[in-house]
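Read-outs throughout are calculated quantities, based only on the coordinates presented, and are distinct from any laboratory measurement. Bear in mind that the values here come from a model prediction, so they are computed numbers and not experimental data. Positions of Cβ are backbone-derived with ideal geometry, glycine not excepted, and every protein chain shown enters the neighbour counts.
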C-alpha cells in the first residue's frame, strides 16, 4: 500500500462527512459565539448584529474581576493539590501487576465519567448533617454532635480535587508507564533510598510532564460548573456558572459570549503552554 | 517492608476516599423512610423500583439511554472515516480536522455549550430533541477519534500490502483486513462516548434543558426541590452501569494500551 496524497473526489470522499460535520457543528457555532460577543443586546432577551465592545468592558469591572481571579485561583489550587497527590500515586500504580493496574484504571475511569451532578450530590450527602461523615466521628467519640460541612470552600475544594484526581492520574499515566526503569535502578544500585531516588531522579526527569499536567488539570478545573453551585456558596461561583447564568437566566447572550471568549483565550493560552512544556521534554 | 506497608496503606486510603461518597449514597438509597440518613434506617429497595415505575424518572432514564446511544453512534460515524483517511492517505492538511475533533474536549465545556446554544438558536432549532444528539456527538467525537487513531496505528501495514498485492482494492482491504483489527477500538470509542454522554450535564442543559430531561438534568432539578432517596438509587445505578461498561472494555480490550501505556512486549 503506497501512501500518497489522495486524488479526485472518490479518494477524498471518506473525509467529506466528518469534515462537514465538524465545520457545521463546531466551527460555525464557535465562530457564531465570537460574533455574538460583539453584538448589541436588545431588551427582551435578543440581540442584533453590531460591533460593540461594551460586553468586554463590563467584565473589567471589580465584580467580574473578582469572579475571574477567584476562578483562576481555585483552578490553580485544585491543579497543584491534584498533581501533588496523583503523581506519587500514579508512580506506584504503573509498578503494580497488570491485573491490579487494570482494576484501578476501571475504578478511576468510572469516577472520572461520573456526572458533576452525581459527584456534587454524593459529596453534599457525605458532608451533610444527617447522612454525613460527622455521624461517624460522633460514633467514634471524636465529636459531640453531627454537623453540616457543606456548603463551604473546603467542601468545594474536596469535590473539585475528587473530580480532578482521576483525570490527573490518567494524564500522568502514559508518561509514567513509559518511564525507563533503569534510571531509577541505577540510582538504587548506587545507594539511593527509594524515596531519594524518587525525588532526585524521577521527579526532576519528569519536570516538564508535571508542569504540563498541572496546566491541563488547571484548564479542566476551570470548566467546573455544577460543583461550585452544589458545594459552595454564591461567593464561590466560578466564571462557568456566571456564563450560564447570563446566557440562560439573564438572557444576555452577548455578555455570556464575551466572557466565554475570554475563557477560550485563557484556556488556549494555557493548553499551548502545556503542549510546549510537554514537547521540550520529548526532544530533550 | 515498612515502605511496602506504607504504600498499600496510602493506596487503600485513596481508594477509600474515592469510594466514600458513592458508599454513603448507596447506603442512603436503601433507607426505608423517605429521608437521607446514613447509616440507613431499615432496608428497602423501593427507591430502586421507583426509578423504573415513576414516569418522571423512567422518562429521564430512557431519554438518557437513547441520547447516549445515538450520539455515541454518530460520534463513531464521524471519527471512523476521519481516522481511516488520516491513516490511509498522506494528507497533512487533514490533521486540521483531527485538531478540530480534539478541541471541544480540551476547552471548558461551558464554551462548547454556549456555542451550540447560539447556533441552535440562530437556525431556529433550539430545544428540538435531536439537537442534543448532534451536540453530544460533536462534543465527544474526541474519544472515538483517539481510540481509533490508536487502533489504526496498531495495524501492521505488511498485512495490508500483502492483501493489496493479491489484488484487493481499498474497500476489500478495509473490510477483510483492517476492520477486524480495529473493531475493539471502535467498540471502546463508542463505549467511552456513550458513558460520557450519559453523564453529561451542561451541554444537554443549554441545548434542550427545558424540553427534554436527561437523567443528570433530572437529578439536578430534583436537588433543588429537596432530596429523595430515589436520587441516590439513580446515582448507584449510574455508577454501576459506568463501571460495568469500563469493566467490559478492560475485559475485551487492552485498557493500559488504550490509555497510552505501551504494551508489555513493545
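As a rough footprinting exposure proxy, the listed residues B:3, A:253, B:102 were ranked by other beta carbons within 10 Å of their own, and the order from fewest upward is B:3, B:102, A:253. In the distance distribution for chain B, Cα-Cα pairs more than 30 Å apart total 44 percent. Taking every Cα-Cα distance in segment B:81-135 and sorting them into 10 Å bins from zero, the calculated P(r) comes out as 21, 36, 30, 14, 0 percent. Kirkwood radius and radius of gyration were both taken over the C-alpha atoms of segment A:21-160, and their ratio Rg/Rh is 1.13. Ranking of B:156, B:254 by neighbouring Cβ atoms within 10 Å, starting from the fewest: B:156, B:254. Applying 1/(1 + (r/R0)^6) with R0 = 35 Å to the Cβ-Cβ distance of residue A:57 and residue A:130 gives a FRET efficiency near 0.15. Averaging over all projection directions, the Cα-based convex hull of segment B:59-168 occupies 9.3 nm² in the image plane.
Tell me, what is the FRET efficiency for residue B:19 and residue B:66 to the nearest 0.05, using R0 = 35 angstrom and their Cβ-Cβ distance as r?
According to the calculation, E is roughly 0.70.
The mean count of C-beta atoms from other chains within 10 Å of the C-beta of residues in B:238-251, rounded to a whole number, is 5. A Gaussian network model of chain B, with springs between Cα atoms under 10 Å, assigns the largest mean-square fluctuation among B:23, B:148, B:74 to B:23. Once C-alpha pairs closer than 8 Å and six or more residues apart are averaged by separation and normalised to the residue number of segment B:118-266, the relative contact order reads 30 percent.
Against the empirical 2.2 N^0.38 Å (N residues), segment B:171-246 has a Cα radius of gyration ratio of 1.55.
Ordering of A:71-80, B:167-176 by packing is A:71-80, B:167-176, highest average first (other Cβ atoms within 10 Å, averaged per residue).
Here residue A:203 and residue A:140 are evaluated by their C-beta separation; at R0 = 51 Å the FRET efficiency comes out at 0.90.
Counts of other chain beta carbons within 10 angstrom of each beta carbon in peptide B:116-125 average 6. Residue order for A:95, B:218, fewest other beta carbons within 10 angstrom first, comes to A:95, B:218. Each helix, a run of at least 4 DSSP H residues, gives -39500 (n - 2.57); summed and divided by the residues of chain A, these come to -21500 deg cm²/dmol at 222 nm. Take each peptide in B:178-190, B:108-120, count the other Cβ atoms within 10 Å of every residue, and average; sorted highest first, the result is B:108-120, B:178-190. Across peptide B:192-199, the mean count of Cβ atoms from other chains lying within 10 Å of each residue's own Cβ comes to 3.
What residue among B:18, B:241, B:45 shows peak mean-square fluctuation when chain B is described by a Gaussian network model with Cα springs under 10 Å? Taking springs between Cα atoms under 10 Å, the residue moving most is B:18. For the protein assembly as shown, the Kirkwood hydrodynamic radius from C-alpha pairs, put into Stokes-Einstein at 10 °C and a viscosity of 1.306 mPa s, yields a diffusion coefficient of 63 µm² per second.
Normalised by the number of residues in chain A, the mean separation of alpha-carbon contacts (under 8 Å, six or more apart) gives a relative contact order of 27 percent.
For segment A:34-283, compute the orientation-averaged projected area of the C-alpha convex hull (one quarter of its surface), in nm².
Here the figure is 18.3 nm², rounded to one decimal.
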